[in-house]
Structures are given as structure tokens and as C-alpha cells.
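To start, the structure under review is shown below, and the notes come after it.
Read the figures in this text as sums done on the coordinates, not as results from a lab. Note that the structure is predicted; figures quoted are calculated from it, not measured. All Cβ positions, glycine included, derive from the backbone under ideal geometry; neighbour counts span all protein chains shown.
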């Protein structure tokens with residue numbers, strides 16, 4: 001599966017955007033609001049789309065795991081979940097564009113946070129069965145709280161696992177995890193976080209699927225999985241994440257990729273970040289995903 005397009009896309013004309021240590025634009029404000037409206041309003045013009053590309057892969061893995069686990073309710077950990085975007089897509093089963101419209105469209109600007117939550121819970125109540133049990137992990141308390149209140153997240157872990165160990169209470173939330181997912185946090189979190197999450201899952205040995213920007217290496221994380229008897233594969237295909245916010249951001253990221261001897265022609269040169277999908281599965285379980293891998297190749 002590949003969404004690379006041949007038509008050129010210019011970088012955003014926004015200027016003077018502060019860049020963080022990775023070279024990406026600083027967008028901290030959109031992750032700590034009381035609800036996701038600013039998040040979607042700011043990211044919509046940038047064509048932020050990676051959750052939409054990821055949703056079919058995550059849904060297929062959840063379905064496969066449900067069968068493999070004898071129709072149990074699958075337990076998912078969404079790393080870097082923010083407001084529970086991946087969770088909403090998994091539970092609601094709606095197109096990503098519809099979810100964006102639920103928060104970015106002007107007709108919803110007048111709603112209070114309470115009214116937004118009531119609407120979200122009403123949408124979820126129409127879904128049967130209720131979808132997977134999802135635990136969100138993030139450093140933003142307000143974003144996690146919205147995900148919980150809206151019903152997108154069943155449990156939340158507020159923690160910086162790069163710097164700190166899991167608490168005993170938070171470790172309990174990971175017991176029995178079947179699937180670990182993320183759509184953009186790798187690069188800000190790494191091997192230390194994954195090691196702590198896997199330790200918290202105990203003997204569960206969850207499957208894992210991570211969308212990672214091309215500028216970030218997955219090698220250290222893959223090594224953590226390898227230590228626990230996993231095999232990690234890079235699936236074919238590249239996936240648009242979002243447009244660059246400024247010429248400065250584009251120049252910085254393209255330079256980093258070129259330094260890694262990665263070809264950006266027809267990709268980042270045209271104005272978008274691109275991600276890849278890494279799948280880490282216990283070696284003894286690979287036979288259960290062979291049909292999915294064939295479909296995705």
C-alpha cells in the first residue's frame with residue numbers, strides 16, 4: 001500500500017515557525033487544549049492525514065487478534081495518543097475526514113466542551129460491539145482527559161516514559177495488552193519507552209505497529225523487540241503525514257534525510273513529511289499474520 005503521488009505539492013507559506021531539536025515545527029499548543037478543535041483546525045490546512053492511512057492497518061490487526069485470541073475484546077495501547085484520534089477511528093469505524101469535520105468545521109465552534117463530549121458519546125453508543133479496549137499513553141493531561149471523557153479511551157497513562165518508570169498502577173493498565181500502536185511519536189519517544197511498556201505488559205507479548213517518519217531510525221526499538229523474541233519488518237509503502245509548515249522546516253528535514261543518504265526526490269522535496277510502517281510480531285505468531293502481510297505487500 002502506497003500513497004505517494006506524482007503531483008508536486010508546495011511547502012506551506014507560513015513563515016517564522018519555531019523548530020524543535022528534530023527540525024520539526026513546534027506545535028505544542030494544539031496538544032494541550034481542553035478539546036481537539038484547535039488540533040484539527042491547525043492541522044487540517046497542513047493535510048495531516050497519517051491517522052487515516054493507519055486506521056485500516058490497525059483495524060485489520062485488531063480483527064486478526066480477536067480471532068487469534070478466541071474472540072476476546074482486544075486490548076490496545078495507543079502510544080502518543082493525544083486526544084484519542086486513533087482510538088476514535090477504531091471504535092467509530094468512520095472515515096478520518098469525517099472525524100476531522102466533527103471538530104474543524106465552523107458549525108461546531110459554538111459547542112461547549114460538554115456538548116462535544118455528549119455528541120461523541122452518542123456516536124459511540126450507536127456502535128455495537130463497542131470495539132477494542134484502548135489505553136492511551138501521552139504526556140498531555142488535557143488531551144488524555146478528553147479522550148477518556150469522550151469515551152475514545154478506556155484508560156489513560158499520563159507519563160513521560162523516556163525519563164520515568166511506570167508506576168505500579170499504570171503497569172496494571174498494561175496487563176493483557178494485545179496490540180501496541182503509534183502514528184508519529186517515535187522520534188520523540190524511543191527504546192526506553194518501548195522497553196518500559198513491554199515490561200508492563202508482563203507475559204502478554206503484544207503485537208506492535210508503528211508509523212515512523214523517514215527521518216527517524218527504528219533500529220534501537222527493533223533491538224528491544226528482538227531481545228524479547230520478536231521479529232520486526234518494514235512494510236512496503238510510504239505514507240503522507242502532513243505538509244511542511246514553512247520553507248525552513250522543509251529545508252531542515254530534507255537536509256537531515258539527505259545526510260542519511262535517503263532520496264527525497266518526488267517525496268519530501270514536494271512538500272510533505274513521509275512515514276513508514278514497522279510491524280513487530282513475536283516470531284511464534286508470524287504465521288497468524290501471513291495473509292495480512294501478503295495483502296499489504
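Ellipsoid fit via the Cα gyration tensor, segment 200-297: semi-axes of 31, 15, 11 Å, each the root of five times an eigenvalue, largest first. In segment 207-264, one over the average inverse separation of all distinct C-alpha pairs is 13.4 Å, which is the Kirkwood hydrodynamic radius.
Going by average Cβ neighbours within 10 Å, how do the peptides 61-69, 242-250, 261-269 rank, with the highest at the top?
Going by the mean number of other Cβ atoms within 10 Å, highest first, we get 242-250, 61-69, 261-269.
What FRET efficiency, computed as 1/(1 + (r/R0)^6) with R0 = 35 Å and r the Cβ-Cβ distance, is obtained for residue 167 and residue 41, rounded to the nearest 0.05? The computed FRET efficiency comes out at 0.55.
Report summary: the helix-based calculation at 222 nm, which adds -39500 (n - 2.57) for every DSSP H run with n ≥ 4 and divides by the residues of the chain, gives -11000 deg cm²/dmol.
Under the criterion of Cα pairs below 8 Å and six or more residues apart, the relative contact order for segment 28-296 equals 21 percent.
Figure the gain on full extension for residue 105 and residue 125 (residue separation times 0.36 nm, minus the Cα-Cα span) and round it to one decimal in nm.
5.0 nm
With a Förster radius of 35 Å applied to the C-beta separation of residue 97 and residue 158, the computed FRET efficiency comes to 0.75.
Gain on full extension, evaluated as 0.36 nm per residue between residue 234 and residue 28 minus their Cα-Cα distance, stands at 71.2 nm. With the highest mean first, a sort of the peptides 77-86, 43-52, 157-166 on other beta-carbon atoms found within 10 angstrom per residue produces 77-86, 43-52, 157-166.
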